[in-house]
Amino acid sequence: MQITVNGEAKDFAEDQVNVSLVLAHQKVESPDMVAVQVNGAFVDKGEFDSRVLQDGDSVEFLYFMGGGAV
Amino acid sequence: MNYSAEQLERYSRHIILQEVGVEGQEKIGAARVLIVGAGGLGSPAALYLAAAGVGTIGIVDGDVVDLSNLQRQIAHYTKDVGREKVLSAEEKMVAINPDVKVQTHRMLLKAANIREVIRDYDFVLDGTDNFPTKFLVNDACVMENIPFSHGGILRFDGQTMTVLPGRSSCYRCTFRQPPPPDAVPTCSQAGVLGAIAGMLGTIQAAETLKYFIGTGELLTDTLLSFNALNMTFRRVPLRRQDSCPLCGSKPTITELVDYEQTACVIK
Ligand SMILES: [Zn+2]
């Protein structure tokens, strides 16, 4: 199935794709480092495994960036 | 406001812009902006906003200048090591433009004091270096209905969004709550390319000026994210989330909280 990940179309061979799998594919080191939206709606970290994606879904994962002053 | 010949010349490159003009420059002159953090983002923002003639600029920071700051915090010079950051920044801002009134706040913003501080300003520019303060700035600005620019940098990356409380999505709509301590490295732990701070801080300064001039489109409901290694910029559309604990339909955050500071010992 095809899922748009951060604006880019990606093909997944797996039958079932959840948010955790997408993050693993994208080499996100830890789910704690990102905030995730599926089709524009916020997905809680606790739902990364249970949130199963459909063909054509759009996933955005946005890194937390805390730097600025020090 | 009646501009002197000298001021007309000083601001001539703004005034000549159709979208700014004398009227826009007067709006900039009447603006009151609070910069939170006189560091990597706050330095370039403070210098450009002072140069632009922002009438009142507040700057908050509780720190003193450290030698390791100078690689990117361009408001501070070698001679300033050991000096209060707010005083060091004020000196440069006033030297660039004596028209500007600088208000220094040498303090750490906390749940107990932030609302009182930001209330005197029309716009807040977040240049903080930690998640507890970033969430605190977001929450306080939403509660006080003060627009602000969020900014964050790390390694070769930067991100920013502009929030108009009640009208556009807030930082919590997307990021919800601070990551667990130590889940995300800070700049002092992971490093940052100094020029990134300039790239992002000046984007935030431009957003601030656009807000007052009232021209163009702000980065509302949009996260601008860039990576300087490939020099790619991406605009991520965001929307207000009904489930947002702060600005959603059933808010659970009704008071400010002080989150625990992430341990950050390596300077
Ligand atoms: Zn929100």
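The values are calculated or read from the model by the stated rules, or taken from the named source; none is laboratory data. Predicted model, so just to flag it, every value in this text is computed and none were measured. All Cβ positions, glycine included, derive from the backbone under ideal geometry; neighbour counts span all protein chains shown.
Based on this model, can you work out whether B:A195 counts as touching an Asp or Glu at 6+ places or on another chain (Cβ under 8 Å) and either small (G, A, S) or surrounded by 21 or more Cβ atoms within 10 Å (Cβ to Cβ) (or both)?
On the way: touching an Asp or Glu at 6+ places or on another chain (Cβ under 8 Å): no; either small (G, A, S) or surrounded by 21 or more Cβ atoms within 10 Å (Cβ to Cβ) (or both): yes.
Considered against the rule, which asks whether it is touching an Asp or Glu at 6+ places or on another chain (Cβ under 8 Å) and either small (G, A, S) or surrounded by 21 or more Cβ atoms within 10 Å (Cβ to Cβ) (or both), B:A195 comes out as no.
Restricted to region B:1-70, the set of helices (runs of 4 or more DSSP H) holding at least 2 residues that are more than 30 Å from B:E144 (Cβ to Cβ) comprises B:5-10, B:12-15, B:21-30. Taken as a whole, the condition of being touching a Leu at 6+ places or on another chain (Cβ under 8 Å), surrounded by fewer than 24 Cβ atoms within 10 Å (Cβ to Cβ), touching a residue at least 12 places away in the same chain (Cβ under 8 Å) and not acidic (D, E) does not apply to B:G29.
Within the bounds of region B:171-189, is there any residue that is of a type in the set (G, A, S) and either more than 16 Å from the ligand (Cβ to nearest atom) or within 23 Å of B:A75 (Cα to Cα) (or both)?
First pass over region B:171-189, keeping only residues of a type in the set (G, A, S): B:183, B:188.
Retained after the next criterion (residues that are either more than 16 Å from the ligand (Cβ to nearest atom) or within 23 Å of B:A75 (Cα to Cα) (or both)): B:183, B:188.
Yes: region B:171-189 contains one or more residues that are of a type in the set (G, A, S) and either more than 16 Å from the ligand (Cβ to nearest atom) or within 23 Å of B:A75 (Cα to Cα) (or both).
I'm told B:G127 meets every condition in (1) touching a residue at least 60 places away in the same chain (Cβ under 8 Å); (2) within 12 Å of the ligand (Cβ to nearest atom); (3) within 9 Å of chain A (Cβ to nearest Cβ) except one. Can you identify the failing condition by its number? (2) is the only condition that B:G127 fails. The set of residues in region B:203-220 being surrounded by 19 or more Cβ atoms within 10 Å (Cβ to Cβ) and over 15 Å from the mean Cα position of the chain (by Cα) consists of B:I213 alone. Counting the residues of region B:154-170 that are under 12 Å from the mean Cα position of the chain (by Cα) and either at pLDDT below 95 or within 12 Å of the ligand (Cβ to nearest atom) (or both) gives 2.
Go through A:V34, A:V52, A:V38 for me and flag whichever is under 23 Å from A:M1 (Cα atoms), aliphatic (A, V, I, L, M) and either surrounded by 14 or more Cβ atoms within 10 Å (Cβ to Cβ) or under 9 Å from the mean Cα position of the chain (by Cα) (or both). Step through it out loud before you land on a result.
Numbers: A:V34 fails: under 23 Å from A:M1 (Cα atoms); A:V52 fails: either surrounded by 14 or more Cβ atoms within 10 Å (Cβ to Cβ) or under 9 Å from the mean Cα position of the chain (by Cα) (or both).
The match here is A:V38.
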